[in-house]
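Enquirer: Pasting a structure here, questions to come.
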Amino acid sequence: MPYPRSKIVNESCTPYYHVISRCVRRTYLCGFDRQTGESFEHRKSWVEKRIIYLANTFSIGVCAYAVMSNHVHLVIHINKQESANMSDHNVVARWHRISVGTQETAIFLETKSYPSDPLVKRRLKLKIEEYRSRLSDLSWFMKYLNEYIARRANKEDDCTGHFWEGRFKSYAILDDKALITCMAYVDLNPIRAHVAKSIDQSLHTSIYKRITSARKGWCLNSLVPFKNDKLNNSSLPAINMTLLDYLSLLKSTKEYLFEKHSVKSLIPELKKMSFNSESWLHTINDMEIMFPVAIGNVVSLEQYKKSTGRKRIKGAANMLRLYCDNNQPPTY
């Protein structure tokens, strides 16, 4: 039986999550359908633009994403503090970007003043707090992502029915090393699927957008910034790594994993992070299998288990292998 979302997404443990949403029956509804000969590749742009739009609307930052032919990966940061500090008018303005709201919120948005009637004012205040809570809720974020794409695709196909599987998957990310691991797994997805040969060609991914923006000198506020990122004015906490180091890590991993270079030569970036090279490569290939609930060090996994009321967390042994120093053999 699936766990309720409240048992999976627990911001008291971590604000970071890896999210996966798959097309119904994993069909290629955003790619080339070999059975019909139809191409739906243009829908990847729909999904990517919608992700960016929602990231600029919700108090949920996007660290990484990859839009594939039959599924979407996201690494997100839930910023409850931002929504808590947001003014009432800003909350309503953001919500009205994705929903019609109510008549009372529409009037408040236009007049910027509360109604004189105490009962109406109280009702408005309650509605604003409801919107405030939703703006930092992962389920509402995914609802407005998946529903929008499903309706648009169904309209294009002149049909009805499900576009996505009924329930998106989410995995807790419990520390900085786990965050970098998940981001690398997501950004390398097109290369792993043999859709792209390099990260420079990995269209509809966060790393491609970061590279493009950096080359053109564009300010990129739609993604969570890396450390020392001068082209990003985001209020979100920065990823504890520079963009150049992250790019080097991705390129090295791609060479070792997909060009069959020897793992005996240690990847310098992994040595800095005290990761075991061989376990890292296994993780980049099979992370969803190795860590089906959460990813992080053993202490954080134990804390997450207690906070979510679970009896056990799969993947602890794999974390011991991954977090092993490169200078020492992994403990199996």
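Enquirer: Go through the range 139-180 residue by residue and tally those that are in a helix (DSSP H, G or I), over 19 Å from the mean Cα position of the chain (by Cα) and either acidic (Asp, Glu) or buried (at least 21 other Cβ atoms within 10 Å of the Cβ) (or both).
Expert: 2
Enquirer: Can you find a residue that is buried (at least 16 other Cβ atoms within 10 Å of the Cβ), modelled with pLDDT of 95 or more, assigned to a loop (DSSP other than H, G, I, E, B) and in the same structural domain as LYS272 (by TED's automatic domain parsing) anywhere in the range 181-200?
Expert: yes
Enquirer: Going through MET319, MET290 one at a time, which residue ends up being touching a His at 6+ places or on another chain (Cβ under 8 Å) and closer than 25 Å to HIS73 by Cα?
Expert: Going through MET319, MET290 in turn, the sole match is MET290.
Enquirer: Return a yes/no flag: does the range 271-280 have any residue that is among the aliphatic types (A, V, I, L, M), modelled with pLDDT of 85 or more and closer than 12 Å to THR181 by Cα.
Expert: no
Enquirer: While we're here: Among the residues of the range 77-106, what is the count of those that are out of contact with any helix residue (DSSP H, G or I) (no Cβ under 7 Å at 6 or more places or on another chain) and buried (at least 16 other Cβ atoms within 10 Å of the Cβ)?
Expert: The qualifying residues number 5.
Enquirer: I would also like to ask the following. Residues PHE32, PHE40, PHE58: which one is crowded, with 16+ Cβ neighbours inside 10 Å, more than 21 Å from the chain's Cα centre (by Cα) and assigned by TED's automatic domain parsing to the domain that holds THR308?
Expert: PHE40
Enquirer: Mind listing whichever residues of the range 7-21 are surrounded by fewer than 18 Cβ atoms within 10 Å (Cβ to Cβ) and not acidic (Asp, Glu)?
Expert: Answer for the range 7-21, where residues must be surrounded by fewer than 18 Cβ atoms within 10 Å (Cβ to Cβ) and not acidic (Asp, Glu): LYS7, ASN10, SER12, ILE20.
Enquirer: Still on this structure, please answer the following. Within the range 112-120, identify whether any single residue is part of a helix (DSSP H, G or I) and either in the same structural domain as LEU54 (by TED's automatic domain parsing) or modelled with pLDDT under 95 (or both), and answer yes or no.
Expert: So far as the range 112-120 goes, no, none of its residues is part of a helix (DSSP H, G or I) and either in the same structural domain as LEU54 (by TED's automatic domain parsing) or modelled with pLDDT under 95 (or both).
Enquirer: Checking SER136 against (1) farther than 30 Å from THR36 by Cα; (2) in a helix (DSSP H, G or I), which test does it fail?
Expert: If we test SER136 against (1) farther than 30 Å from THR36 by Cα; (2) in a helix (DSSP H, G or I), just (2) comes out false.
Enquirer: Just give me the residues in the range 5-24 being over 12 Å from ASN79 (Cα atoms) and β-branched (Val, Ile, Thr), in sequence order.
Expert: Passing the criteria: ILE8, VAL9, VAL19, ILE20, VAL24.
Enquirer: Kindly evaluate ARG215 against the criterion of being under 20 Å from TYR28 (Cβ atoms), free of Cβ contacts under 8 Å to residues at least 12 places away in the same chain and either part of a helix (DSSP H, G or I) or not charged (D, E, K, R) (or both).
Expert: For ARG215, the condition - under 20 Å from TYR28 (Cβ atoms), free of Cβ contacts under 8 Å to residues at least 12 places away in the same chain and either part of a helix (DSSP H, G or I) or not charged (D, E, K, R) (or both) - is not met.
The values are calculated or read from the model by the stated rules, or taken from the named source; none is laboratory data. The shown structure was predicted, so the numbers you read here are calculated from the model rather than taken from an experiment. So basically every Cβ, Gly included, is an ideal-geometry build from the backbone, and we count neighbours across all protein chains shown.
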